[in-house]
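Derivation of every value follows stated rules applied to the coordinates shown; laboratory data play no part. Just so it is clear, the structure is predicted and the values come from calculations on it, not from any experiment. Here the Cβ is made from the backbone with ideal geometry for all residues, glycine too, and neighbour counts use every protein chain on show.
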Amino acid sequence: MDAAAAPWWIWPIALFAVSFAIGIVAVLAGVGGGVLFVPIVGSFFPFHLDFVRGAGLLFALAGTLAAGPLLLRGRMASLRLIMPLALAGSVASFAGALVGLSLRTELIQTALGVTVIAIALLIWRSKDAYGSGAVESDALGAALRMRGEYQDAAEGLRIDWRTHRTLAGFASFGAIGFFGGVFGLGAGFANVPALNLLMAAPLKVAIGSSGLIISVINSSAAWVYIHRGALLPLLAVPAILGVMLGSRIGARMLSSTRAATVRRLVIAVLLIAGIRALLRGLGLWN
């Protein structure tokens with residue numbers, strides 16, 4: 001469809017539909033809605049990338065807040081795991097947002113494409129390494145009581161978990177927050193590998209906790225975009241409504257859904273959107 005020829009009301013309707021689907025998939029895969037929203041909307045919708053990145057942060061924030069109560073009640077998210085890591089990421093996210101708004105759009109598009117393709121490859125390469133938690137905590141993890149248990153309905157098991165390599169986890173979430181602020185992605189793309197592969201949280205706890213970490217990290221970066229005027233209601237309102245509805249459905253499905261199928265779908269979507277953003281940033285596909 002030619003963006004210039006399409007009536008204006010087509011875009012809010014399309015945004016709502018796309019956001020609803022992203023909300024379901026993002027919760028199931030724990031990648032955060034922004035990592036799907038920004039490259040898809042930035043590549044296929046007629047909005048400036050600054051507005052898309054600003055909406056992407058609020059998009060991910062709204063989706064995780066909608067899913068949060070259900071994830072906490074099901075013990076697939078842990079506040080003891082979330083809050084210390086989110087604090088490190090939140091400070092870095094604020095700095096990343098300031099950097100992102102000072103860069104040229106073409107540079108951001110190119111870097112976004114490269115980053116999203118790398119994310120897809122990281123998720124693909126790490127899919128078989130997801131375990132079910134560390135046997136013993138390290139000293140810092142034990143001091144912060146980063147442990148818990150939950151019932152995995154899909155496997156019929158009660159899983160007891162605890163973290164290790166906690167200091168490295170803090171450093172990784174600082175880096176994740178910074179790049180999430182630069183791109184307006186919500187940073188969920190890296191939260192799950194960091195929680196699961198580095199800190200040894202079980203996959204579903206990593207997925208559920210990733211969403212709530214995003215809600216804390218995004219709140220600081222989002223204010224930078226709002227303060228700079230990089231928020232367009234025509235883009236943000238239908239996107240937020242769609243993702244909030246989709247995220248609640250995804251949260252209800254998480255406990256009984258295997259992540260492997262959804263992860264393959266996410267990898268495919270990320271590759272398509274990442275290639276589109278890269279080509280657009282290089283001026284090869286406008």
Relative intensity, log₁₀ I(q)/I(0), of segment 44-89 from a Debye sum that treats every alpha carbon as a point, q = 0.26, 0.28, 0.32 Å⁻¹: -0.96, -1.02, -1.10
Cut-off under 5 Å, modelled amide H: who pairs with Ser78 long-range: Ser209
R0 of 35 Å, Cβ-Cβ distance Leu107-Trp9: FRET efficiency to nearest 0.05: 0.60
Arg145 versus Val237: modelled label distance in nm, points set 7 Å from Cα along the beta carbon direction: 4.4 nm
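Highest first, please rank the peptides 72-79, 230-237 by the mean number of other Cβ atoms sitting within 10 Å of their residues.
Details: 72-79: 18.8, 230-237: 17.2.
Output ranking for 72-79, 230-237: 72-79, 230-237.
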